[in-house]
Amino acid sequence: MIYLDYFATTPCAPEVVDAMLPWFTQDFANPHSTHGPGQKAAHAVEVAREHVAALIGAEAREIVFTSGATEANNIAIKGAARHVQRMGGERRRVITSAVEHKCVLESVKSLESEGFEPVILPVDRHGRVDSASLEKALSVPTALVSIMAANNETGVLQDIPTLSALARQAGAVFHTDLAQMAGKLPVSLEHVDLASVSAHKMYGPKGVGALYVRRRPRARIVPLFSGGGQERGVRSGTLPTPLVVGFGEAARIARGALTVEPERLAQLRDVLWQKLRDGLPGSVLNGAKVPRLPGGLNFCLPKGVSALDVMAHLPDIAMSTGSACSAAELAPSYVLTAMGLPEAEASRCLRLSVGRFTSNAEIDRAAALLVDVARVS
Ligand SMILES: *Cc1c(COP(=O)(O)O)cnc(C)c1O
């Protein structure tokens, strides 16, 4: 099997698994208990919190652990909007972009039934949100803006420093989904009030993530869960010590690799693209002209070649058409159609993503197989 779907999820790093194991068995105490074993678990949680904070340039006390980026996005968007409403403000507009992850789009849309006004900004043909269109949308009093740092299908990066500054100037809370960005490239939290991360996109376990909640100036949110008030009241529930420890270890390793890994992955990705482009003339790279994540490749196969057919012929290469969550849908990717691709073109697109454990030999073999299969189909 050749795994080329690192944007969907990553395997747990062996060091991460080793770090987690004792917290399932001998050190199983509740990290919120005041006895010795509980305090030992609590300490491990705080060490992990520091690693996650360091990865994104935050303070440890600005990190709230959640079950993943889906939950962090829900808490950030619904929680921040509801806080604005609770304070009796006039701001009812909630702005996001057409290429966000479903959990962001659906969270924003769900606020309509609570009296908010969702606004979904278009993207240009490169997949970028235009700062002028955000500025225009912000002319109506806005509670919250949520724009992702890096897209999970195309890897296209948004200009978060510019967009967040516009939101801040307009008095709106700014949230960014960092699920794909964190651990892959350095991030800046300048003007960012809330940010979401996920462990399983950076070689940590599935089922844990975090929400960054800025302290100065303080970002305020109404929690989604009622409960014991853990995580500063933002997210009640007993913390899963093993998962949190694994997330911390994954963040520590990712931070250490930031100086070398992006370049290595970009090289692998570029070699893969060169081979595909040479072997399959007429292939078109999506987002080619704008900054993208180093490990990802989203491209349209030549006319007459269906992406689903190619995938069906190559079950031992893990790749995808759209995002992992909507992979079961046969409809072409809404991210690509938002970039202006006609449906027929979008249905010829494949997403390939490389990562820490991808070798040169796998790239060569995958490219050869893809070219062979796509040529005859
Ligand atoms: C994976 C992903 C999510 C969801 O994260 P989970 O931790 O799986 O809930 C959200 N946004 C983006 C951009 C993602 O890539």
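Values for this structure:
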{"read-out": "Pairs where the first residue, in region 80-92, is touching a residue at least 40 places away in the same chain (Cβ under 8 Å) and the second is in a helix (DSSP H, G or I) and open to solvent by 40 Å² or more (accessible area, probe 1.4 Å), C-beta under 9 Å, 6+ apart", "value": "Ala81/Glu114; Arg82/Glu114; Gln85/Glu114; Arg91/Gln85; Arg92/Gln85"}
{"read-out": "Looking only at region 49-62, and only at residues there that are within 16 Å of the ligand (Cβ to nearest atom) and buried (at least 24 other Cβ atoms within 10 Å of the Cβ), the one that is nearest to Ser198 (Cα to Cα)", "value": "Val52"}
{"read-out": "Filtered residues of region 30-46 (kept if surrounded by 15 or more Cβ atoms within 10 Å (Cβ to Cβ) and in contact (Cβ under 8 Å) with a residue 60 or more places away in the chain)", "value": "Pro31, His32, Ala41, Ala44, Val45"}
{"read-out": "Boolean, Leu224 is in contact (Cβ under 8 Å) with a residue 12 or more places away in the chain and open to solvent by less than 30 Å² (accessible area, probe 1.4 Å)", "value": "no"}
{"read-out": "Search result, residues across region 291-300 that are small (Gly, Ala, Ser) and either over 19 Å from Gly127 (Cα atoms) or assigned to a strand (DSSP E or B) (or both)", "value": "Gly296"}
{"read-out": "Residue check for Ala179: of a type in the set (Gly, Ala, Ser), open to solvent by less than 20 Å² (accessible area, probe 1.4 Å), within 10 Å of the ligand (Cβ to nearest atom) and modelled with pLDDT of 95 or more", "value": "yes"}
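Matching residues to (1) closer than 18 Å to His191 by Cβ; (2) loosely packed, with under 15 Cβ neighbours inside 10 Å:
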position	(1), (2)
Pro122	no, yes
Val129	yes, no
Gly155	no, no
Gln158	yes, no
Ser164	yes, no
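Yes/no per residue for (1) in contact with a strand residue (DSSP E or B) (Cβ under 7 Å, 6 or more places away or on another chain); (2) part of a loop (DSSP other than H, G, I, E, B); (3) under 23 Å from Thr9 (Cα atoms):
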residue	(1), (2), (3)
Asp278	no, no, no
Pro281	no, yes, no
Lys289	no, yes, no
Pro302	no, yes, no
Met311	no, no, yes
Asp372	no, no, no
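The values are calculated or read from the model by the stated rules, or taken from the named source; none is laboratory data. Keep in mind the model is a prediction, meaning the values are calculated, not measured. All Cβ positions, even for glycine, are placed from backbone atoms using ideal geometry, and neighbour counts span all protein chains on display. We work out accessible area using only protein heavy atoms, side chains counted, and drop any ligands, DNA or RNA first. Shrake-Rupley method; radii C 1.70, N 1.55, O 1.52, S 1.80 Å.
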